[in-house]
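Notes follow the structure.
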Amino acid sequence: MDFTVNHSLKKLALVGSTGKMGQKVIELLSENSWKAKLTLSSSIHLETNDILEKPDVVIDFSVPESTLKWAQKWAEFKSPILICTTGFKKEEFETLKEKFKNNAWAMIPNTSLGIYAFIKSLRAYIKFFSDIQSITIHEVHHVHKKDSPSGTALLLKMAMLDAGFAGDIQILSAREGEVVGTHTVIIQRSYDRLILTHEAHDRRLFAEGALLLADNLANKAPRSQPYTFDEILS
């Protein structure tokens, strides 16, 4: 698969710009050959009516309250939006689904290409082995992370269930120091055990992935159902 970025974005809105991930996106934009102009750098004092210029795409690395606050504005603009925020309740997701029925949008809790490859590997394992007895996901993040289990852990679980595993998948969560993110999947079979781990060492990998995904999402057709990682890169 070709992961070449077109760098076609010109007007980028970034929600959550003051957070750690937002700062990484800004840092990457200043270093690389992106042509994107940051037209919105959200702050707690900024109101939706203050934004008059339609962005080519929106990247949201904020919190559910902020995502929901800005949803109507992006719906009016019909701008493509990549939501990287986690911790949404079921009813909040349904609200976004209704708001963005005329947008191209995606909800990707982990934007690293490494985790994307990790998920594809897990799917292959599930389809290859018919005698899996149990699966456990162990996720570790920094002590400041609010949601537990992590959005990535839930994504891993859903991917394996969708791949055909019919048993229960246990998620164990830990919050330690300043850990960026570590996800370990333990697959237990009758006579062996497979252990796969993805470790994030720098938030830059999420920023790079988010810009790549946003660049591709900007060219997708609007629809009410959010695009998946696979669909955005296809």
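Scanning region 67-87 for residues that are at pLDDT 95 or above, in a loop (DSSP other than H, G, I, E, B) and under 18 Å from L154 (Cβ atoms) yields a count of 1. Looking for something in a loop (DSSP other than H, G, I, E, B), surrounded by 15 or more Cβ atoms within 10 Å (Cβ to Cβ), at pLDDT 95 or above and in contact with a Phe, Trp or Tyr (Cβ under 7 Å, 6 or more places away or on another chain) - is there at least one such residue anywhere in region 117-126? Scanning region 117-126, I find no residue that is in a loop (DSSP other than H, G, I, E, B), surrounded by 15 or more Cβ atoms within 10 Å (Cβ to Cβ), at pLDDT 95 or above and in contact with a Phe, Trp or Tyr (Cβ under 7 Å, 6 or more places away or on another chain), so the answer is no. Among the conditions (1) at pLDDT below 95; (2) outside the structural domain of K78 (by TED's automatic domain parsing); (3) closer than 22 Å to I83 by Cβ, the only one that D168 does not satisfy is (3). Hey, does region 132-153 have a residue that's in a helix (DSSP H, G or I), buried (at least 20 other Cβ atoms within 10 Å of the Cβ), under 18 Å from the mean Cα position of the chain (by Cα) and in contact (Cβ under 8 Å) with a residue 40 or more places away in the chain? Yes; the residues of region 132-153 include at least one that is in a helix (DSSP H, G or I), buried (at least 20 other Cβ atoms within 10 Å of the Cβ), under 18 Å from the mean Cα position of the chain (by Cα) and in contact (Cβ under 8 Å) with a residue 40 or more places away in the chain. Checking each residue in region 106-146 for being more than 17 Å from I187 (Cβ to Cβ), among the hydroxyl-bearing types (S, T, Y) and touching a strand residue (DSSP E or B) at 6+ places or on another chain (Cβ under 7 Å) picks out only S112.
Please determine whether any residue of region 204-212 is part of a helix (DSSP H, G or I), closer than 27 Å to Y125 by Cα and touching a Cys at 6+ places or on another chain (Cβ under 8 Å). Scanning region 204-212 turns up at least one residue that is part of a helix (DSSP H, G or I), closer than 27 Å to Y125 by Cα and touching a Cys at 6+ places or on another chain (Cβ under 8 Å). Residues that are under 23 Å from I108 (Cα atoms), modelled with pLDDT of 70 or more and either of a type in the set (G, A, S) or not assigned by TED's automatic domain parsing to the domain that holds T95 (or both) within region 15-66 comprise G16, S17, G19, G22, S62, S66, listed in sequence order. Only residues that are in contact (Cβ under 8 Å) with a residue 40 or more places away in the chain, of a type in the set (S, T, Y) and closer than 26 Å to P149 by Cβ were counted in region 183-232, giving 3.
The values are calculated or read from the model by the stated rules, or taken from the named source; none is laboratory data. From a predicted model like this one, the values you see are computed outputs, not experimental measurements. Don't worry about glycine lacking a Cβ; one is built from the backbone with ideal geometry, like all the others, and counts go over all protein chains shown.
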